[in-house]
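Step one of this worksheet: look at the structure below.
The values are calculated or read from the model by the stated rules, or taken from the named source; none is laboratory data. The model shown is predicted, which means the values in this text are computed figures rather than measured ones. When we count neighbours, we look across all protein chains shown, and the Cβ atoms used for this are built from the backbone with ideal geometry, even at glycine.
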Amino acid sequence: MDRKKQYLEGVRDGIPIGLGYFAVSFSLGILAKNVGLTPLQAAVMSLLNNASAGEYMGLTVMAAGGTYGGMALAMLITNARYLLMSCAMSQRMDPDMPFYHRLLMAFDITDELFGITIARPGYLSPWYMYGGMTPAIPGWMIGTALGTLAGSVLPLRVVSAFSVALYGMFIAIFIPPAREDRVIAALVALAFVSSWGLSVLPLTAALSEGTRTILLTVVLSAGAAALFPRKEDAEP
Amino acid sequence: MRIYGYILVMAGVSYLIRALPVTVLRKPIQSRFIRSFLYYVPYVTLAVMTFPAILHATQSPLSGAAALVVGVVAAWLGADLFKTAVGCCAVVFLLEFFMG
């Protein structure tokens, strides 16, 4: 498939991501304002970070007046899942692809863009990912800035409806393979149950959502890899 | 200016986390276990992040649950990312509209 077609398909799939980001980053902007950031600072933060949980955590550290070292550690923990996603992406990249694409694609490895990019068959297309980034980056940045500026201008009902767009996309990524592969179907069911379990059990409910996500991802994926290793011909 | 210092630390660490694996791991990993592990990671991560979070994303857990059901059915029947996402949003908007 040529670059232009890949790019345009990326833009198409990136539009719901951008809309969802806009709604979610709005609430991030409100928090940023409370911590004392100007709209410009909030926009720069979102442009350079592209991480919901990470930015929430970052604002918490700022509010507490933490050290730069503490900030770095907080980012490492809340964003550790991107390390796993980046590892997974490295295995799907064409060895002949120019190196700068790796540097550019890495900039916006988010849950959503990783999800849509890795769901495509064959080698990852940098152009598809750039297409996804085109509505996603401004959506995230502008939403944060407007949230800082205006507080809640959108009616609560609209924010509520927007905010499930992200989950709808997650569902559209893991359901089709779950339909084809019983191991993935069982993993998804197990992930739902254990994720709910950890969120209500007293010991684990105190952990942040990001930490619980990392914990479950590592344990469940390792278990599945040990019990049901993939056949080599299943690789692209 | 301290805020920009914080922002730069955040951005630097976040970028390194994202860029190191894709730039360092240039060759295919040989271990079948690790390859399988990395294959399962995205689906598990997304499933963990979806539930129970979707129940708390909306004004009422009921509309969140409805969005989950609609999303799963739509994706199962072959709807793409955009259609599934729009379906989830629509059911939440309609339900919360009628629930007031």
### Query
Condition test on A:Thr204, is it part of a helix (DSSP H, G or I), touching a Gly at 6+ places or on another chain (Cβ under 9 Å) and at pLDDT 80 or above?
yes
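Give me a count of the residues in the range A:88-106 that are in a helix (DSSP H, G or I), in contact (Cβ under 8 Å) with a residue 24 or more places away in the chain and surrounded by fewer than 17 Cβ atoms within 10 Å (Cβ to Cβ). Don't jump to the end; show me each part of the working.
Of all residues in the range A:88-106, those in a helix (DSSP H, G or I) come to A:88-90, A:99-106.
With the extra rule that they be in contact (Cβ under 8 Å) with a residue 24 or more places away in the chain, the set shrinks to A:88-89, A:101, A:104-105.
Applying the additional criterion that residues be surrounded by fewer than 17 Cβ atoms within 10 Å (Cβ to Cβ) yields A:104.
Selection size over the range A:88-106: 1.
Assess whether A:Met85 counts as being surrounded by 18 or more Cβ atoms within 10 Å (Cβ to Cβ), in contact with a Lys or Arg (Cβ under 9 Å, 6 or more places away or on another chain) and part of a helix (DSSP H, G or I). Show your work before the answer.
Numbers: surrounded by 18 or more Cβ atoms within 10 Å (Cβ to Cβ): yes; in contact with a Lys or Arg (Cβ under 9 Å, 6 or more places away or on another chain): yes; part of a helix (DSSP H, G or I): yes.
Taking the combined requirement at face value, the residue satisfies it.
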### Query
What's the number of the condition A:Tyr123 fails, among (1) part of a helix (DSSP H, G or I); (2) aromatic (Phe, Trp, Tyr); (3) in contact (Cβ under 8 Å) with a residue 24 or more places away in the chain?
(1)
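Identify, from the list A:Ala191, A:Ala172, A:Ala222, A:Ala161, the residue that is in a helix (DSSP H, G or I) and either assigned by TED's automatic domain parsing to the domain that holds A:Leu83 or over 19 Å from A:Met85 (Cβ atoms) (or both).
Of A:Ala191, A:Ala172, A:Ala222, A:Ala161, the one residue that is in a helix (DSSP H, G or I) and either assigned by TED's automatic domain parsing to the domain that holds A:Leu83 or over 19 Å from A:Met85 (Cβ atoms) (or both) is A:Ala161.
For A:Ser208, are the conditions met, namely being farther than 23 Å from B:Cys88 by Cβ, more than 9 Å from chain B (Cβ to nearest Cβ) and small (Gly, Ala, Ser)?
Numbers: farther than 23 Å from B:Cys88 by Cβ: yes; more than 9 Å from chain B (Cβ to nearest Cβ): yes; small (Gly, Ala, Ser): yes.
Spelling it out, A:Ser208 is indeed farther than 23 Å from B:Cys88 by Cβ, more than 9 Å from chain B (Cβ to nearest Cβ) and small (Gly, Ala, Ser).
Identify, please: which residue in the range B:27-46 is within 7 Å of chain A (Cβ to nearest Cβ) and among the charged types (D, E, K, R) and is, among those, surrounded by the fewest Cβ atoms within 10 Å (Cβ to Cβ)? Outline the logic, then answer.
Within the range B:27-46, the subset within 7 Å of chain A (Cβ to nearest Cβ) is B:28-29, B:32-33, B:35-46.
Remaining after also requiring among the charged types (D, E, K, R): B:32, B:35.
Details: B:Arg32: 13, B:Arg35: 19.
Looking at the filtered set, the residue picked out is B:Arg32.
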### Query
Which of (1) farther than 30 Å from B:Ser36 by Cα; (2) not assigned by TED's automatic domain parsing to the domain that holds A:Arg92 is the odd one out, the single condition A:Pro135 does not satisfy?
(2)
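With respect to B:Phe98, determine if the residue is in a helix (DSSP H, G or I), over 16 Å from the mean Cα position of the chain (by Cα) and within 7 Å of chain A (Cβ to nearest Cβ). Full working, then the answer.
On the way: in a helix (DSSP H, G or I): yes; over 16 Å from the mean Cα position of the chain (by Cα): yes; within 7 Å of chain A (Cβ to nearest Cβ): no.
No.
Restricting to the range A:199-215, count the residues that are in contact (Cβ under 8 Å) with a residue 24 or more places away in the chain and among the polar types (S, T, N, Q). Spell out how you get there, then give the answer.
Taking the range A:199-215 as the starting set, the residues that turn out to be in contact (Cβ under 8 Å) with a residue 24 or more places away in the chain are A:208-211, A:213-214.
With among the polar types (S, T, N, Q) added as a condition, the list becomes A:208, A:211, A:213.
Number satisfying all stated conditions: 3.
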### Task
Would you check which residues across the range B:52-85 are surrounded by fewer than 23 Cβ atoms within 10 Å (Cβ to Cβ) and assigned to a loop (DSSP other than H, G, I, E, B) and list them?
B:Pro52, B:Gln59, B:Ser60, B:Leu77, B:Gly78, B:Ala79, B:Asp80
### Query
Quick one: how many residues across the range B:47-75 are touching a Gly at 6+ places or on another chain (Cβ under 8 Å) and either more than 7 Å from chain A (Cβ to nearest Cβ) or at pLDDT 85 or above (or both)?
8
#### Entry: Where A:Asp111 falls short, out of the listed (1) under 21 Å from the mean Cα position of the chain (by Cα); (2) farther than 26 Å from A:Asp94 by Cα; (3) buried (at least 20 other Cβ atoms within 10 Å of the Cβ)
(2)
### Query
Going by the conditions given, is A:Tyr21 over 15 Å from A:Ser208 (Cβ atoms), without any contact (Cβ under 8 Å) to a residue 24 or more places away in the chain and not small (Gly, Ala, Ser)?
no
### Task
Looking for whichever is within 12 Å of chain B (Cβ to nearest Cβ), touching a Ser or Thr at 6+ places or on another chain (Cβ under 6 Å) and surrounded by 19 or more Cβ atoms within 10 Å (Cβ to Cβ) here; the options are A:Ala165, A:Ala178, A:Ala172. Which one fits?
A:Ala172
### Query
Restricting the range B:21-31 to residues that are modelled with pLDDT of 90 or more and of a type outside the set (A, V, I, L, M, F, W, C), which is nearest to the chain's Cα centre (by Cα)?
B:Pro21
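If you take the residues of the range A:36-65 that are β-branched (Val, Ile, Thr) and surrounded by fewer than 19 Cβ atoms within 10 Å (Cβ to Cβ), which of them is modelled with the highest pLDDT?
First, pick out the residues of the range A:36-65 that are β-branched (Val, Ile, Thr): A:38, A:44, A:60-61.
Subsequent filtering for residues that are surrounded by fewer than 19 Cβ atoms within 10 Å (Cβ to Cβ) retains A:38, A:60.
Values: A:Thr38: 92, A:Thr60: 82.
Going through the qualifying residues, I end up with A:Thr38.
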